[in-house]
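K.L.:
Before we start, here is the structure in question, set down as structure tokens.
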Amino acid sequence: MAIDVRTIREDELVSWLDAQTTGFLVRPEIDKIAEEVREHWDLSRIWGALDGDRVVGTLRTYGTELTVPGNRGVKASAVTQVAVRPTHRRRGLLRRMVTAEHAAARDRGEVASMLYASEGSIYGRFGYGIACQTAAWMIDVRSTRIHEAAGGRAGSIEVVDTDESAVDVARRIYEGTRRQQPGEIWRRPITWKSDFGLAGRAWGESWKGFLAIHRGDDGTADGYARYHADPKWEHRQPQSTLIVDDLHAATPDAEVALLRFLVDVDLVTTLRIEGRTPTDRLPWLLTNPRAARLDDVGDGLWVMLHDVAGALVARTYERAGSVVLEISGTEPDAEGRTRIALDAGPDGASADETDRPADLTIHASALGAVYLGGTRLRNAVLATGADEHRAGALDEADALFGTRDAPWCSTFF
């Protein structure tokens, strides 16, 4: 029997969840999960590969907004929960689901698709490139403090109840900061509830922790840290780890104030700050920079561009340049190539399809990797190659796409 790839019906949701959780080697209570997610998930964005009446492959998306260099937001599709049953591997089901979703994303007018990869070797062939790096920072708080010169003494900090009103405060702060940070995305209401332990528990234990709100001297909430503890005692001495799940601030001073507060929490020997970047300024804030070390460093957000011209015009460029780019691999099974004439500079950019000779041919995954400015093009092309039709074109494009500051996405999906 031929396997059908399509969006699922509501009565197929349990079978879909069974396939997805089987692929990820977990066994939760899928009936309860189905009840919890029905009101939050859009069935028109849930793809399944069906062998008869059984779902054997899964892919789900939701619509969001991605902040690009220049702090403009573009419509994007967040791809998640991609899996294939172990009995149906190597049959091209993932390729078929990705191709169908990409066509739907273009119809929805979404400029890009994004994902976090379960395995690093899968998504490059579908046009996705590593656009953001992610890391956790571990701080031995016994051997360091925040420099006095770093600031963070103004305003006040309060630890508040993690209720609906606290969620609203944190969300308002994040909405302001994510619009100023390339790589950040809009978060769904259910994401906020889940992050604060206010959603269902069918997936597992709900979050339980604390929320610290920073307010400026005028009383305006301008930063927050959501955190929990891993309590530990050895030989009657406190050895706890404080885990910061999310930290955002509207100003550098508010961020330093929150970090100063977290470093000084009693009973803690280690502060772990999740979802940051390897280029974080954190060590420079410490009296002992060796007290901070990186952990769990690796690829974060992967990006694939659907509307290449629209995406290139949407972002800004810190230097001027002109290049005709030929992009291959814009779709898994496409033989054609997209050729774009890009003229860009600090005052704006134009990007139009053209029949002019290409200066540089690169793969779509390389373009996705460099789009947010944090990946060097000369590195991104190493896996897929680059054809330079005009001498110096690769170096010029490499400089053109780069940004002073690295992109950052703190939202996992």
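The values are calculated or read from the model by the stated rules, or taken from the named source; none is laboratory data. Remember, it's a predicted structure, so these values are computed and weren't measured experimentally. In this analysis, Cβ positions are derived from the backbone assuming ideal geometry, glycine residues included, and neighbour counts consider all displayed protein chains. Side chains included, ligands, DNA and RNA excluded: accessible areas come from the protein's heavy atoms. Shrake-Rupley method; radii C 1.70, N 1.55, O 1.52, S 1.80 Å.
K.L.:
Return the residue satisfying two criteria in turn: it lies in the range 204-214 and is among the hydrophobic types (A, V, I, L, M, F, W, C) and part of a strand (DSSP E or B), and of such residues it is farthest from THR21 (Cα to Cα).
P.N.:
So, considering only residues that are among the hydrophobic types (A, V, I, L, M, F, W, C) and part of a strand (DSSP E or B), the one farthest from THR21 (Cα to Cα) is ILE213.
K.L.:
Show the residue pairs that are 6+ apart or on different chains and have beta-carbon atoms under 6 Å apart, the first residue being within the range 242-262 and under 16 Å from PRO283 (Cα atoms) and in a strand (DSSP E or B), the second being open to solvent by less than 30 Å² (accessible area, probe 1.4 Å) and of a type in the set (Lys, Arg).
P.N.:
none
K.L.:
A follow-up question, please. Please tell me if SER165 is open to solvent by 60 Å² or more (accessible area, probe 1.4 Å), free of Cβ contacts under 8 Å to residues at least 12 places away in the same chain and more than 17 Å from PHE413 (Cβ to Cβ).
P.N.:
Judged against the criteria, SER165 is a match.
K.L.:
Now, a different point. Looking only at residues in the range 111-124 that are touching a residue at least 60 places away in the same chain (Cβ under 8 Å) and in a loop (DSSP other than H, G, I, E, B), which one is surrounded by the fewest Cβ atoms within 10 Å (Cβ to Cβ)?
P.N.:
Result: GLY120.
K.L.:
Something else: Out of the residues in the range 215-241 that are part of a strand (DSSP E or B) and open to solvent by 60 Å² or more (accessible area, probe 1.4 Å), state the one that is nearest to GLU175 (Cα to Cα).
P.N.:
Out of the qualifying residues, it is ARG215.
K.L.:
For ARG145, work out the one condition from (1) within 28 Å of SER44 (Cα to Cα); (2) open to solvent by 40 Å² or more (accessible area, probe 1.4 Å) it doesn't fulfil.
P.N.:
Looking at each condition in turn, ARG145 falls short on (1).
K.L.:
Sort through LEU372, LEU312 and tell me the only one that's surrounded by 18 or more Cβ atoms within 10 Å (Cβ to Cβ), within 20 Å of the chain's Cα centre (by Cα) and part of a loop (DSSP other than H, G, I, E, B).
P.N.:
Exactly one of LEU372, LEU312 is surrounded by 18 or more Cβ atoms within 10 Å (Cβ to Cβ), within 20 Å of the chain's Cα centre (by Cα) and part of a loop (DSSP other than H, G, I, E, B), namely LEU372.
K.L.:
Hey, another quick one. May I ask you to list pairs of residues, at least six apart or on different chains, whose Cβ atoms are under 8 Å apart, with the first in the range 315-327 being assigned to a loop (DSSP other than H, G, I, E, B) and the second being open to solvent by 10 Å² or more (accessible area, probe 1.4 Å) and among the basic types (Lys, Arg)?
P.N.:
Listed by first residue and then by second, the contacts come to ARG315/ARG72; THR316/ARG72; GLU318/ARG404.
K.L.:
Another question about this same structure. Return the only residue of ARG85, ARG108 being surrounded by fewer than 22 Cβ atoms within 10 Å (Cβ to Cβ) and more than 22 Å from THR411 (Cβ to Cβ).
P.N.:
ARG85
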